[in-house]
Amino acid sequence: MSDTADRVQKIVVEHLGVEADKVTQDASFIDDLGADSLDIVELVMAFEEEFGVEIPDDAAEKITTVGDATKYIEEHKG
Amino acid sequence: MRRVVVTGLGLVTPLGGDVETSWKNLIAGKSGAGPITRFDTEGQKCTIACEVKPKDHEYGFDPDKRVDHKIQRQVDPFIVYGIDAAGQALEDAGLTDMDDDLKTRTGCSIGSGIGGLPGIEIESVNLHERGPGRVSPHFVHGRLINLISGQVSIKYGLMGPNHAVVTACSTGAHSIGDAARMIKDGDADVMLAGGSEGTINPLGVAGFAQARALNMSMNDRPTEASRPYDKGRDGFVMGEGAGVVVLEEYEHAKARGAKIYAEVVGYGLSGDAYHVTAPHPEGKGAELAMRMALRKAGMEAGDIDYVNAHGTSTMADTIELAAVKRVLGDDLSGASMSSTKSAIGHLLGGAGAVEAVFCILAMRDQIVPPTLNLDDPDEGTEGVDLVPHVAKKREVNAVLNNSFGFGGTNASLIMKKVD
């Protein structure tokens, strides 16, 4: 697992209170990890903080899986 | 007429994370007070409180038992305490597995005096230091007072009345009284009712200290600081925690063979119309509330065996006592009266509900909890059994529970044993 993927997984586990092995790159925040729309807003804020990236609302709306988040961060982090 | 009984109890207090631990420690004369551990008290005029203890403590509270990790992160402590106490009460009542029909006739009336002050403090600083985009999306619903009732209804699927009282330190008593009325009126057959508070944070302690409400002279002697009726009393000690009871329509409880602790027979309410923080000097509002409760209960002064006083360890204690004497007689017609705030501090919006649970347990075990630190009783206490220092075995068939709050809001509850 890449460093980014590893750190994303840790944040998701901490915020959603789910088992780490469920947080695969394919996992959907809502369908697989029990998040709601507000949880995703909070996760996006945590990603921004952790990686020093800005994730605008229109980009955040397209992040539905753990892999989407990892990919966006990999592409945009400084 | 529909009668209302209590069939389940739940507590989170500075003396325990559950009902039996809290009660055992209370009766043993333990104090929940100590130096504040939650935050750095540098610069605070008051540095002591009755905190709910962490789970590794001898009588600590384990939030993981009944509150999801995710919710714990999103909400303020008062909501966590409230959800847990409600869960305890439902389990105690044997109502964790309700059918859909009963769920639609089961509601929640769990309030708080202040609500999510710690989160308001933290997010306010966050807003100013880091900007609006860093405020938590869970900020609002993690602080709102009605979100104990909201969270509990979601967790257990309860679709009856969803209500939350906000009457400062009368909240817990009003919550139970209002919920009992909802059952009497046929709005519900079962209600989870109670109150919760969790404001041991820098802003909460500073605010009450500035209002000159807290004890600030005994920071070096925390367990002696809450001393209701004692000449040396000098302000209350802040507590935190929650009390929730299951109220149930009597025939409904009987039909399912529920354990019945007590019946809620009297509820009185009034306003002081006097001052925002000080009680009416003659205790007129308190008297009105007690008299209304007695009248509703169809009882007389001599029927009351135990009074759980509001008794916060402020100058108001003797004002309340004078009012109780006018209602029950100079010797309280033989009733004992104590303030459990001497042991657990003042739980503010949680106080009335936690104390109602103590009243019920006093009837169950035929013992009344003590008033700690009552070394030198103030004038006006002569001839009244204030149960100093140690718990007292005695007959307890009916109880009166007083709660008074800022704004001059008063509530009195009367409960009695069911034969």
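The values are calculated or read from the model by the stated rules, or taken from the named source; none is laboratory data. Fair warning: this is a prediction, and the values are worked out from it, not measured in the lab. Heads up, the Cβs are rebuilt from the backbone with ideal geometry, glycines too, and the neighbour counts pull from every protein chain shown. Surface areas here come from the heavy atoms of the whole protein model, side chains and all, with no ligands, DNA or RNA. Shrake-Rupley method; radii C 1.70, N 1.55, O 1.52, S 1.80 Å.
Structure notes:
- Test: residue in region A:37-45 that is out of contact with any strand residue (DSSP E or B) (no Cβ under 9 Å at 6 or more places or on another chain), open to solvent by less than 70 Å² (accessible area, probe 1.4 Å), more than 14 Å from every other protein chain (Cβ to nearest Cβ) and within 19 Å of B:PRO137 (Cα to Cα): no
- Of all residues in region B:242-298 being of a type in the set (Val, Ile, Thr) and open to solvent by less than 80 Å² (accessible area, probe 1.4 Å), the one that is nearest to B:VAL327 (Cα to Cα): B:VAL265
- Exactly one residue out of B:LEU158, B:LEU147, B:LEU127 is crowded, with 24+ Cβ neighbours inside 10 Å and within 14 Å of chain A (Cβ to nearest Cβ), and it is B:LEU147.
- When residues of region A:1-18 are limited to those that are more than 11 Å from every other protein chain (Cβ to nearest Cβ) and over 18 Å from A:THR64 (Cβ atoms), the one most open to solvent (accessible area, probe 1.4 Å): A:MET1
- Just one of (1) more than 14 Å from chain B (Cβ to nearest Cβ); (2) under 25 Å from B:GLY131 (Cβ atoms); (3) open to solvent by 30 Å² or more (accessible area, probe 1.4 Å); (4) outside any helix (DSSP H, G or I) fails for A:ASP58. It is (4).
- Residue in region B:259-274 that is over 22 Å from the mean Cα position of the chain (by Cα) and more than 25 Å from B:SER112 (Cβ to Cβ) present: yes
- Within region B:45-88, being in contact with a strand residue (DSSP E or B) (Cβ under 6 Å, 6 or more places away or on another chain), open to solvent by less than 10 Å² (accessible area, probe 1.4 Å) and in a helix (DSSP H, G or I) holds for B:PHE78, B:GLY82, B:ASP84, B:ALA85, B:ALA86.
- From the list B:GLY232, B:GLY198, the one residue that fits, being of a type outside the set (A, V, I, L, M, F, W, C) and farther than 17 Å from B:ILE83 by Cβ, is B:GLY232.
- B:LEU11 touching a Ser or Thr at 6+ places or on another chain (Cβ under 9 Å), within 21 Å of B:HIS163 (Cα to Cα) and assigned to a strand (DSSP E or B): yes
- Within region A:61-78, being part of a helix (DSSP H, G or I), surrounded by 12 or more Cβ atoms within 10 Å (Cβ to Cβ) and more than 10 Å from the chain's Cα centre (by Cα) holds for A:GLU74, A:HIS76.
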